[in-house]
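Each remark here refers to the structure printed beneath this line.
Derivation of every value follows stated rules applied to the coordinates shown; laboratory data play no part. All of these numbers come straight from a predicted model, not from anything done at the bench. Virtual Cβ from ideal backbone geometry, glycine too; neighbours counted across all protein chains shown.
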Amino acid sequence: MKNLFLIAFSIFVFSCKDLPSPPDQDNLSFSREDSIEARELAVWFSGELTAPDSIVTEFLHSLRQLRATFKDSSQLIPNIQSLLANRFLTPWATKTISLKFDSSTAELVRNNQYNGWSLLDPSIRPDSVSRPYIIPWCSAFFSRLFNPWRLVESYSKLPGVVYAVPDFRGFAGGTYPMFPGTYNAEMSYIFVRNHSSIPGPYHYFYYDKGKPYYAGIFSRQANPRPPWWDQARISIDSLTVWQRYR
């Protein structure tokens, strides 16, 4: 499987605090929000057109286990339940892309006479398209969740398309609420406090032999740097530097 965004980390050894034992996976329940989050994570993290079921399952179980394990661990992090309630948010919309046409093609799209959609595989044809009225841009909308970078690879080849790009998200003065990563081929996560205003501490969690651990707070100015600093930084940069998404 082609995992474009998986990061190969070096092996580090560091000590951690004794933490609660993770709950039995068989006793975990999943909400609709859990499932949506896991599927969006899988689309982002794998880099594939659609979310591979194996990666969806990995995110679904690892996040649910982490949240269940630490839900009562206020001695580690005050108000930890509200911190872990933060959901992953993709840096781009997953059900729409933007297209720019040349002037003559934009006129065809405007008059519902454009036949280029038929050149696409039926599975990725748009469910609806906004008409370009004043400027030669339109949005293509989808009912399914797709990786928009994979979509624009196909849509940019259509006749008359000058430019195809995902619709990017941003926050005024904030950051993303959660950052996924890997540690020794297992999952890691950063949860951010106050992500929508002035970003608060970046709390780093990782898995080791199937068990979640809390490592501490990430800071770019840390001196000395903890042994997990590089992994946390890579996780953050992989989401905030959009040029790396491709």
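If the chain linking Ile36 and Ser73 were pulled fully straight, counting 0.36 nm for each residue of separation and taking away their Cα-Cα distance, it would gain 10.8 nm. Modelled spin labels at Arg125 and Asn194, positioned 7 Å past Cα toward Cβ, are 5.1 nm from each other. Enumerate the aspartates and glutamates that Lys95 could reach by cross-link, defined here as Cα to Cα under 20 Å, with residues fewer than 8 away along the same chain left out. Cross-link targets: Glu33, Asp34, Glu37, Glu40, Glu48, Asp53, Asp121, Asp127, Glu153, Asp167.
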